[in-house]
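Everything on this sheet refers to the single structure shown next.
No value in this document is a laboratory result; all are computed from the given coordinates. Here the structure is a predicted model, which means the values were calculated and not measured. Counting neighbours? That spans all protein chains shown, and the Cβs are built from the backbone with ideal geometry, glycine included.
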Amino acid sequence: MWVPKVLVPKMSNPETADTEDLPFDKFREECGVFAVCGHPEAAKLTYLGLYALQHRGQESAGIASSDGRKIHTYRAMGRVADIFTPEVLRGLPGELAIGHTRYSTAGDTVLLNAQPFSVACNKGRIAVAHNGNITNAVELRRELEREGSIFQASSDSEVILHLVARSRERTLAGALREALLQLEGAFSLVFLAEDRILVARDPHGFRPLALGQMELSGGYTCYAFASETCAFDLVGAAYLGEVEPGEMVIVGPEGMTRERYAPIRDHAHCVFEHVYFSRPDSIVFGKPVQESREMLGRLLAREHPVDADIVVPVPDSGTAAAIGYASEAGIPFRQALIRNHYVGRTFIEPSQAIRDFGVKLKLNPIRHLLEGRRVILVDDSIVRGTTSRKIVRMVRNAGAREVHLRIAGPPTISPCFYGVDTPVPAELIAANHSVEEIRRFVEADSVAYLSLAGLREAVSDYSHDYCYACYTGNYPTELVNIEELMAARDRRG
Ligand code: AMP
C-alpha cells in the first residue's frame, strides 16, 4: 500500500489510526468577535452575537461590558451556551459590551489566553478582543518585556494592550492609532473603554469585520460590529457594510466617527473565509458566502466534469459547492452522508478497534442512495488527506460503484500566518504529492481540484483584493521571521 513519506509518523498504522482526532473534530477554527454600543442589554446581545459566531471557535469565550464607570469581564473555557448562564450575564451590566469566541491560532490553550483581555492604564481601563494573527508579535513582545511590561498570557493579542498602555499619546484614540501602526499581519479588533467602543481592521483587511445598526425605541441608534453578518441577523441589526481595511471606528457619547489610521495598502481578504470558514448565511467582505460557494461548485463542474449518477456533499463543508456542481452538471444532488451534529471532543471507544471509527461517529452513509451508483463526492479541501480517505472508503463500503472526489478549491500547499490554522507543509498532503498520488492515497477513482482562476472568479476578485497564500505560498506581507512562525505552527501540531 502506498503511504505518503511525510505522513508516515502519524499514519504508521492506518488500521489503528481510526480514533485519531479528525480535522473537523479538532475545533481548528479561528476566532469570532462582536461588539455593541448603546444598548440597554449589551451583554445579552453580545452573548447572542457570539452564539451565532460559535463556528469560528469553540475553545473559550468571553464578554466584557461597561456600565460607564467600571468594566466587568467574564471568560471561560467551553462553548458560549454553556458559559453564559443568566447569572453570569447579570454580572455584566451596562450599555457597552465586546465579546470573543476563540480557537487558538496563537498561544496555548489555557484560560489565561481566553479573551477579552483587559488592563488598567493611564487611559483608564480597556479591554480588547482580537481576530487574526499578529505576525510580528514575538518581536514586539521581546521589546516590551525588555522595557518592563509583564505579560500574563502567551497569546499574540495581549501585545496590543501593552502597546496602547505604554503610548505617550494623551487620548485613547491616539494611543490606539500609535499601537496599530506597529502591528503587522492580520487583526480585526474590538476595544471597550468605560464610555466607548473602538474597532479597527488591519490595512490589508485579512479578516472580516462588519458594521451594523439597530433602531431602538425612543429614536436611539445603536451600533454593532461582528466578524460575520449572521450575528446581526440574530440580534436584529441591519448590515451597513464593512469596517474598511486600515480604518478605525469609534462609537461613544458623541456618536460614531470613522477615520483611516493607516496608509492605503493592497487588500488581502482571506479567501478561505468564503471557501470554508464563514457561515453560508453571512455576507463576508461584502459578498454572500452561499453565492460564492455555489459558484465554486459550478466552476468545478465546468473544469472537471465526470460521468456519474449522483453528486454527494461532505457535510457541511462541501454542501453549497455540491449544490452548485450538481445543478451545473445536471446530475442529481443527494445528501447521502448524514452528519451527527452532537459529536464532542471525547468519546469512549470500544476496545476492539472498529475500522474508521472516528469518521463513523461523525458521518453515516445512506446505503440505498449509494448502492451501485457512480458518486461525485464534493468537499472544500484536502488538508492531510486522512479524513478524505475515510470518507471515500465509507462511501465505497456503502456500495458506491465509483467515487470521484472533487475539491472546491485549489490544492492547499502552504500554512497560513494570518489567523487560519493551516498546518506546516510537511503535513499538507498536496505540498508533497501530485494529484495522482493523492488519488491513490484517498483511494478514489479520480480526484480533481478547482483552479486558482476558478476560485478568483467564484469570489468575484476582479481587482486582486484577496489573499490566496494557502494555495500559492505567496504571502502578501513581508514575514521576516517566517522560520519562527513555521516552528511555532509545527509545535502546536
Ligand atoms: P483531510 O482529508 O484529513 O485533509 O480533511 C479534510 C477535511 O477537513 C475537509 O472536510 C475540510 O472541510 C476540513 N477542513 C479543511 N480545512 C479545515 C480547517 N482549517 N479547520 C477544520 N477543518 C478543515
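Structural remarks
- Folded to 0 to 90 degrees: helix 42-52 orientation relative to the chain principal axis, Cα: 10 degrees
- Between A231, G219, G241, the Cα set farthest toward the positive side of the dipole of the stretch 114-242 (charges on each charged residue's Cβ, about the Cα centre) is that of G219.
- Amide proton proximity set for F84, modelled H, under 5 Å, gap of 5+: none
- Only the Cβ atoms of Lys and Arg (+1) and of Asp and Glu (-1) were treated as charged; on that basis the dipole of the stretch 302-384 about its Cα centre amounts to roughly 300 debye.
- Considering only beta bridges that DSSP places wholly inside the stretch 243-388, some 70 percent are antiparallel.
- Simple rule: put +1 on each Lys or Arg Cβ and -1 on each Asp or Glu Cβ in the chain, find the dipole, and look at V119, S60, L92; the Cα lying farthest toward the positive end is S60.
- Degrees separating the helix 386-397 axis from the principal Cα axis of the chain, which is the longest one: 40 degrees
- Cα pair distances in the stretch 32-267, grouped into 5 Å bins until the bin that holds the longest one, percent each: 1, 7, 16, 21, 22, 18, 10, 4, 1, 0, 0
- Built amide H within the under 5 Å cut-off of F151, gap 5+: none
- Within-14-Å neighbourhood charge of G185 [Cβ basis; K, R +1; D, E -1]: -2
- Under 9 Å, Cβ to Cβ, from L405 - net charge with Lys/Arg +1 and Asp/Glu -1: 0
- Inter-label distance, nm, simple model (7 Å from Cα along the C-beta direction), A120/I482: 4.5 nm
- Longest segment of the chain lacking chymotrypsin sites (Phe, Trp or Tyr not before Pro) that sit in a DSSP loop with at most 15 other Cβ atoms within 10 Å: 152-341
- Per-residue ³J(HN,Hα) for the stretch 430-438, Karplus 6.51 cos²θ - 1.76 cosθ + 1.60, θ = phi - 60°, Hz, x for Gly and Pro: 6, 6, 10, 9, 6, 4, 5, 5, 5
- Shown for the chain: lysine pairs separated by 8 or more places, or found on different chains, whose C-alpha atoms are under 15 Å apart, numbering 5.
- The base-10 log of I(q)/I(0) for the chain, evaluated at q = 0.08, 0.13 Å⁻¹, reads -0.49, -1.21 [Debye formula, identical scatterers on Cα atoms, solvent excluded].
- Other-chain or far-sequence residues with amide H under 5 Å of A186's (modelled H): N133, I134, T135
- Counting only DSSP beta bridges with both residues in the chain, the antiparallel share comes to about 80 percent.
- Contour excess over end-to-end distance, with Cα ends at S463 and S327 and 0.36 nm allotted per residue: 46.1 nm
- Rounded tilt (10° steps) of 137-146 against the dominant C-alpha axis of the chain: 40 degrees
- Here the stretch 38-181 is treated with +1 on each Lys and Arg Cβ and -1 on each Asp and Glu Cβ, and its dipole about the Cα centre works out to around 300 debye.
- Between the exposed loop cleavage positions of the chain, defined as trypsin sites (Lys or Arg not before Pro) in a non-H, G, I, E, B DSSP state with at most 13 neighbouring beta-carbon atoms within 10 angstrom, the longest gap is 171-344.
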